[in-house]
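Visitor: After the structure tokens below, expect a handful of questions from me.
The values are calculated or read from the model by the stated rules, or taken from the named source; none is laboratory data. Being a predicted model, the structure only gives us computed values, none of them experimental. Counting neighbours? That spans all protein chains shown, and the Cβs are built from the backbone with ideal geometry, glycine included.
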Amino acid sequence: MTETPSTVLFDFGGVVIRTPFELHGYDWRGPFDTASDPLWLQSQRGAITEREYWHRRASAYHPDAQDPTHAFMRDLYEQDEAVIVRPEVVALLDSLEAAGLRRAVLTNDLAAFHPPEWIERMTVIRRFDPLVDLSHVGFLKPEPEAFDHALKELGLGREDAGQVVFVDDQRRNVAGALFVGMRGVWFDPTDVAGSVARVRAEVGLDE
């Protein structure tokens with residue numbers, strides 16, 4: 001029997017907030033034009049991590065920075081929160097809250113990409129409990145340890161994983177969630193409306 005969802009576990013970057021590709025017109029376009037971005041395709045095949053992808057991209061723009069990724073992300077994300085956060089996902093959070101569903105985050109790189117003061121001022125973060133950041137724990141999605149860690153932070157075990165709907169813009173991360181028994185929805189940043197609709201359908205909001 002399929003368990004009734006109790007929790008929606010969101011990735012943060014790319015799902016809750018817009019991707020760097022959407023905030024600047026680079027020659028390389030990631031999922032928006034895969035033919036322009038062989039390095040992105042390497043990351044999607046698992047040849048490099050997403051963190052390594054952004055480190056390489058950032059280093060081209062900030063070669064002398066102590067932390068090129070932080071410098072690069074600061075250039076992009078030091079904007080008003082309304083520009084950064086997807087309004088469609090804010091509306092989804094409202095619907096989930098009204099339905100009594102828990103909202104949480106599992107992210108690989110929040111502190112790895114953004115400084116503490118930026119994280120502190122992002123009010124949307126306060127809508128998630130818990131916020132599980134794997135920046136410094138020693139494992140990343142899609143490793144099973146990442147999802148087991150999230151379940152523990154949610155007060156759940158593997159036997160409860162079917163209660164959790166995991167939403168991520170990386171297909172391999174969704175596959176990792178499915179491996180531990182969670183339900184999964186791939187969030188396509190090139191089709192935000194369709195992605196939100198898939199989440200709503202998975203948790204039964206539109207029944």
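Visitor: If Ser135 satisfies every condition in (1) in contact with a helix residue (DSSP H, G or I) (Cβ under 8 Å, 6 or more places away or on another chain); (2) over 14 Å from Phe12 (Cα atoms); (3) among the small types (Gly, Ala, Ser) but one, which is the exception?
Guide: If we test Ser135 against (1) in contact with a helix residue (DSSP H, G or I) (Cβ under 8 Å, 6 or more places away or on another chain); (2) over 14 Å from Phe12 (Cα atoms); (3) among the small types (Gly, Ala, Ser), just (2) comes out false.
Visitor: Continuing with the same structure: Which of the helices (runs of 4 or more DSSP H) contained wholly in region 38-78 include at least 2 residues that are without any contact (Cβ under 8 Å) to a residue 60 or more places away in the chain and under 19 Å from Leu110 (Cα atoms)? Let's see the steps before the verdict.
Guide: On the way: elements: 38-45, 50-61, 68-77.
Once the helices (runs of 4 or more DSSP H) in region 38-78 are filtered for at least 2 residues that are without any contact (Cβ under 8 Å) to a residue 60 or more places away in the chain and under 19 Å from Leu110 (Cα atoms), what remains is 50-61, 68-77.
Visitor: Would you pick out the residues in region 1-28 that are at negative phi, surrounded by 15 or more Cβ atoms within 10 Å (Cβ to Cβ) and assigned to a loop (DSSP other than H, G, I, E, B)?
Guide: Once the filter is applied, which keeps residues that are at negative phi, surrounded by 15 or more Cβ atoms within 10 Å (Cβ to Cβ) and assigned to a loop (DSSP other than H, G, I, E, B), region 1-28 yields Pro5, Ser6, Asp11, Phe12, Val15, Val16, Arg18, Thr19, Tyr26, Trp28.
Visitor: Looking at Asp188, Asp206, Asp168 in this structure, which one is in contact with a Lys or Arg (Cβ under 8 Å, 6 or more places away or on another chain) and touching a residue at least 24 places away in the same chain (Cβ under 8 Å)?
Guide: Within the list Asp188, Asp206, Asp168, the selection yields Asp168.
Visitor: Further question: Kindly evaluate Phe147 against the criterion of being surrounded by 16 or more Cβ atoms within 10 Å (Cβ to Cβ) and either touching a Cys at 6+ places or on another chain (Cβ under 9 Å) or at pLDDT 95 or above (or both).
Guide: Numbers: surrounded by 16 or more Cβ atoms within 10 Å (Cβ to Cβ): yes; either touching a Cys at 6+ places or on another chain (Cβ under 9 Å) or at pLDDT 95 or above (or both): yes.
The answer is yes for Phe147.
Visitor: Given Pro142, Pro115, which one is crowded, with 19+ Cβ neighbours inside 10 Å and in contact (Cβ under 8 Å) with a residue 12 or more places away in the chain? Talk me through it step by step, then tell me what you get.
Guide: Values: Pro115 fails: crowded, with 19+ Cβ neighbours inside 10 Å.
Just a single option satisfies the conditions, and that option is Pro142.
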